[in-house]
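Here's the structure, in structure tokens; my notes come after.
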Amino acid sequence: MLRPQDSATRERKSLNGLWAFRLDSAGAGRTEGWWRSRLGEAREMPVPASYNDIVPDLAVRDHVGDAWYQTSVRVPRHWADERIVLRFDAATHRAVVWADDVRVAEHEGGYTPFEADITDHVEPGREARVTVVVNNELTWGSIPPGQLGEGPGGRTQNYFHDFFNYAGLHRSVWLYATPKTHITGIGVETGLDGGTGTVRYTVDQSGASAVAVTLRDAAGTEVAAARGGSGVLTVPDVHPWAPGDGYLYALEATLRDADGGLVDSYELAVGVRTVEVRGTEFLINGEPFYFRGFGKHEDAPIRGKGHDDALMVHDFELLEWIGANSFRTSHYPYAEEVLDYADRHGIVVVGETAAVGINARMTMFGRGDAPSTYSERTAGTETRNNHLQAVRELVVRDRNHPSVVLWCIANEPDGGVPEARDYFAPLFAEARRLDPTRPVGFVNIMMDGPDTCVLSELADVLMLNRYYGWYAQTGDLAAAEPALEAELRAWADGHGKPIIVTEYGADTLAGLHAVVDTPWSEEYQVDLLDMYHRVFDRIDAVVGEHIWNFADFATRPAIIRVDGNKKGVFTRDRRPKSAAFSVRRRWRQER
Ligand code: BDP
């Protein structure tokens, strides 16, 4: 699905701003038809934003069920002959959309876009009412999974992931116009052969117009061109996209009618680069690449998971300041603006689905009645279908981004039981079918070691989350160091694949200091990270370090969480803890 853009033939209109909003725990709106008229008893709600923290009321923060959003938009008069599309960059976790009285779209999954052709339901020059019901319920069938319950105050939501279940319209909403005959998709795969680059392209369209593509360099000079719906462009003296050098070409695809008149035009940024796993190395453009960075979250005070350009640019500036070259979109696909920015600035991205918490052994640890993770009562057919769809939507959305070098199809699933393979093998196969150019992996949990994890064989890269010195050997770094080293060596020797340690860290309360190793103190975070780095430097197969986490983030209340997860190297409002300076010394020195 191509993103809306302004081009010679296309135009878009943002629907961001204040929408009417109403919670609906009882689900009355669907039977009463709240989309048919102006939303009653509504308050104003910003879009994009999570609704949870906007109102100082626990009933809003912990709301379970439907939430209604409504706005109206005037369809530009000059769109009379156009195809008119309503597009949501995300609605968390699922939504149904009406244009005036007509149901036009529904979508499952909170972190990928969807759209509806509403040409037949609106009239250029007039206002149209747009109503959306967003639902935040998580069950064993959803991605991510959760469990609904009943409490004295109504329905409750339990979930198996360690970040707050923010919901709402988290990303931009667009009305846009394309010509009736239009480009429906563009795909690129790039290659390098010495100083020559190749761009294999496909352009799909709704009609049968003549297709042409032109590739321009960053200065706007044409460097290659071709005709036809697919082909290969050759770029002599190519300037590759590389970590730290986000060089982009612009691929313009056009459709023309029989008289040569322009029918449609769309421009895609293209970075020419290759990715390959060879032995225990991760190669970008044939050069070994070492990942330095973080697992992050889309998370901020007030707006929750609402996308915000100011926060995004600030976070990227902090990544640059600290010397990071990469991050993982833990634990869901991020806003497309983030990937565009990473493309332009040469930041490497590990793209992850929202499949976090498929692990009853972990989340119900110690409970006598814990079910097995993979069954029709737990992660079964419905979950896998939604998971498959989540993999598809991630890969199809993001496969043209040069910054994305590796797919992560789940975070910490249960990989210690044989059924895990049956569940996961088709997901790996689908990711590879849709994108044969990138390695595929998943993030392994500490309880599934090198001898017991049944999923690692399926992965091209080992991504390991390890908490020695925190959840194990708490406060005892002298014991943690050999334990970590022994395990990493066992992975390196036993599996022969590159290892990225995708999470390691310690909760740290900014301002808490101690002269001896004391968990939660700033010094302990510094010492723990130093210890991990010493170990990584001793093991060749380790090709990456992603600290957990870039910044403190919101979680639901828990006795091991103090106003959220505090493993950030920055606080939630992006102030540095002591570790920010020690990590910066390490990461900037190696540049
Ligand atoms: C890991 C999870 C991550 C958590 C982290 C932690 O992948 O989402 O936030 O642990 O406990 O298991 O801080």
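Give the residue list of trypsin sites (Lys or Arg not before Pro) in the stretch 25-73 that are DSSP loop and have at most 11 other beta-carbon atoms within 10 angstrom.
ARG38
Return the sequence-ordered ³J(HN,Hα) values of the stretch 431-445 in whole Hz as given by the Karplus equation 6.51 cos²θ - 1.76 cosθ + 1.60 applied to θ = phi - 60°, using x for Gly and Pro.
4, 6, 5, 6, 8, x, 8, 10, x, 10, x, 8, 9, 7, 8
How large is the charge dipole for the stretch 286-587, taken about the Cα centre, if only the Cβ atoms of Lys, Arg (+1) and Asp, Glu (-1) carry charge, to the nearest 20 debye?
It comes to approximately 220 debye.
Report relative contact order for the chain in percent, whole number only (criteria: Cα-Cα under 8 Å, sequence separation at least 6).
12 percent
So how far, in whole Å, is the C-alpha centre of the stretch 126-150 from the one of the stretch 265-341?
27 Å
I'd like the Karplus ³J(HN,Hα) series for the stretch 380-386: coefficients 6.51, -1.76, 1.60, θ = phi - 60°, whole numbers in Hz, and an x wherever there's a Gly or Pro.
x, 4, 5, 4, 5, 5, 5
Please sort 578-586, 352-360 by packing, taking for each peptide the average over its residues of neighbouring beta carbons within 10 angstrom, highest first.
Going by the mean number of other Cβ atoms within 10 Å, highest first, we get 352-360, 578-586.
DSSP loop (so not H, G, I, E, B), at most 16 other Cβ within 10 Å: list which chymotrypsin sites (Phe, Trp or Tyr not before Pro) in the stretch 291-369 pass both filters.
PHE365
Within 10 Å, count the other beta carbons around each residue, average over each peptide in 234-247, 384-397, and list them highest first.
Result, highest mean Cβ count within 10 Å first: 384-397, 234-247.
No value in this document is a laboratory result; all are computed from the given coordinates. Just so we're clear, the structure is a prediction, and the values are computed from it rather than from any experiment. Every residue, glycine among them, receives a Cβ derived from its backbone with ideal geometry; neighbour counts consider all protein chains shown.
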